[in-house]
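Working notes for the structure below.
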Amino acid sequence: MSKELVDSGIDWLGEIPRDWKLERIGNIFEQRNEKVSDYDYKPLSVTKKGVVKQLETAAKSNDHTNRKKVGVNDFVINSRSDRKMSSGVSPLEGSVSLINIVLHGDEKRITPSFTKYLLKNYGFAEEFYRWGTGIVEDLWSTNFSRMKKILIPIPGTYEQQIIANFLDGKTAKIDSIVESTKLSIEELYKYKQSLITEAVTKGVNRNVKLKDSGIKFINEVPFNWSVVPFKRVATVKSNLVNPKNYKDFLQVSPESIEKNTGKLLECKTVEETGIESNNHRFFKGQIIYSKIRPKLNKVTIAPFDGLCSADMYPIETTINSTFLMYYMLSNVFVEQSTLNNNRVKMPKINKEELGRIYTVIPSAEEQKQIVEYLDEQCNHINKIIGSKEQLILEMENYKKSLIYEYVTGKKEVM
């Protein structure tokens with residue numbers, strides 16, 4: 001028989017079982033505020049996937065002694081609102097930066113396995129940051145003196161364990177589906193890039209006679225194609241302007257272009273971005289290419305006139321611009337663009353290096369054929385990727401809903 005539900009009087013909780021208690025966090029958890037050194041306690045990162053060994057990409061401080069101690073089964077949460085859902089029960093002993101709140105629960109009243117789901121669900125995350133303070137909403141932070149006042153639902157520890165065990169099984173299945181779907185998407189992206197590489201270096205006629213290009217990255221090409229330096233067919237059109245004179249123009253930054261796809265993401269106006277440094281003015285139909293971190297391969301064709309970051313090149317070409325964009329998305333282009341970047345922290349490709357990249361040039365008619373072929377093939381692959389991404393979104397939303405429904409008692413493990 002399902003339990004009787006009553007209104008908790010708390011917006012983020014809604015109804016909870018009548019026999020569950022409402023407790024303030026400060027009555028169930030103690031703050032662990034012990035300062036330690038990461039020489040003595042290994043540094044940890046607090047991520048959306050939980051508490052893990054410090055990531056290579058994490059910002060690192062030279063002050064090794066100014067950190068918070070974390071014990072096994074402590075709950076850790078990043079206090080900043082722009083790090084929403086960065087939290088979890090730690091499986092490790094270690095240390096974290098001071099921006100995090102570290103809590104140790106009374107295990108006679110709340111189990112770590114239940115805490116893992118109760119305090120790391122989307123409903124609680126929203127409530128946690130609602131208690132935050134600050135001038136700008138996306139940089140609010142919530143300190144423990146406010147966090148400890150938040151009311152949370154507490155069933156008996158036996159029921160907590162039943163709920164946690166049930167959610168462990170369910171979420172493991174969901175995570176497995178999501179992970180396998182992500183892997184299949186990665187394979188599709190690799191396949192698409194290999195398809196592009198094959199088409200722009202060999203063409204679409206499989207019976208054509210080939211010749212050695214003399215270039216190790218390219219190998220054989222059709223006998224009537226040429227291989228020339230990039231600067232022979234394309235020109236970087238530097239055109240730096242003061243953005244204050246172009247407030248209504250859309251602005252493109254490296255973050256505006258999806259890596260390896262040629263897809264332009266949502267852009268904001270110059271006024272909305274608040275940029276002040278000079279930007280290049282570009283024109284519709286030009287190729288926009290990010291010169292920083294060329295391995296990410298961020299290139300697109302401008303669908304409008306606008307401004308782009310000085311970390312990007314507006315490019316004009318004497319050949320089919322869509323063909324050239326596809327060539328710039330190919331493995332042979334990326335391999336050449338990253339030749340000198342292995343030991344650089346923030347790699348860039350300068351105009352001279354870009355101009356020296358070997359570029360394969362078919363006839364104008366063949367360029368058109370290749371573009372039509374790749375448009376059709378890539379659109380088909382993109383649709384499959386889109387459906388898989390939609391599946392991931394649906395599974396992740398289902399997981400959020402599932403956890404929330406059970407840790408608030410709206411659904412009962414039968």
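With a requirement of 3 or more residues that are under 22 Å from the mean Cα position of the chain (by Cα) and not charged (D, E, K, R), the strands (runs of 3 or more DSSP E) lying completely within the range 272-330 that satisfy it span 287-290.
Take the range 248-274 and flag every residue that is surrounded by 14 or more Cβ atoms within 10 Å (Cβ to Cβ) and closer than 30 Å to Asn340 by Cα.
Gln251, Val252, Ser253, Pro254, Ser256, Ile257, Glu258, Lys259, Asn260, Thr261, Gly262, Leu264
In summary, Leu151 fulfils each of the numbered conditions (1) crowded, with 20+ Cβ neighbours inside 10 Å; (2) of a type in the set (A, V, I, L, M); (3) within 20 Å of Trp12 (Cα to Cα) with the single exception of condition (1). Looking across the range 117-158, just one residue is in a helix (DSSP H, G or I), within 30 Å of the chain's Cα centre (by Cα), closer than 21 Å to Leu98 by Cα and of a type in the set (Ser, Thr, Tyr), and that is Tyr129. Here Ala172, Ala164 are screened, and the one residue that is part of a helix (DSSP H, G or I), surrounded by 14 or more Cβ atoms within 10 Å (Cβ to Cβ) and not acidic (Asp, Glu) is Ala164.
Total residues in the range 166-217 satisfying the condition of being free of Cβ contacts under 8 Å to residues at least 40 places away in the same chain, among the charged types (D, E, K, R) and closer than 24 Å to Gln336 by Cβ: the figure is 7. Just one of the numbered conditions (1) touching an Asp or Glu at 6+ places or on another chain (Cβ under 8 Å); (2) exposed (fewer than 15 other Cβ atoms within 10 Å of the Cβ) is not true of Asp305: (1).
Would you mention how many residues in the range 233-246 are of a type in the set (D, E, K, R) and surrounded by 14 or more Cβ atoms within 10 Å (Cβ to Cβ)? Within the range 233-246, residues that are of a type in the set (D, E, K, R) and surrounded by 14 or more Cβ atoms within 10 Å (Cβ to Cβ) number 1.
Regarding Arg67, is this residue out of contact with any helix residue (DSSP H, G or I) (no Cβ under 9 Å at 6 or more places or on another chain) and either closer than 22 Å to Lys35 by Cα or in the same structural domain as Lys149 (by TED's automatic domain parsing) (or both)? Considered against the rule, which asks whether it is out of contact with any helix residue (DSSP H, G or I) (no Cβ under 9 Å at 6 or more places or on another chain) and either closer than 22 Å to Lys35 by Cα or in the same structural domain as Lys149 (by TED's automatic domain parsing) (or both), Arg67 comes out as yes.
The values are calculated or read from the model by the stated rules, or taken from the named source; none is laboratory data. Computed from a prediction, not measured in an experiment: that's the story for all the values here. Counting neighbours? That spans all protein chains shown, and the Cβs are built from the backbone with ideal geometry, glycine included.
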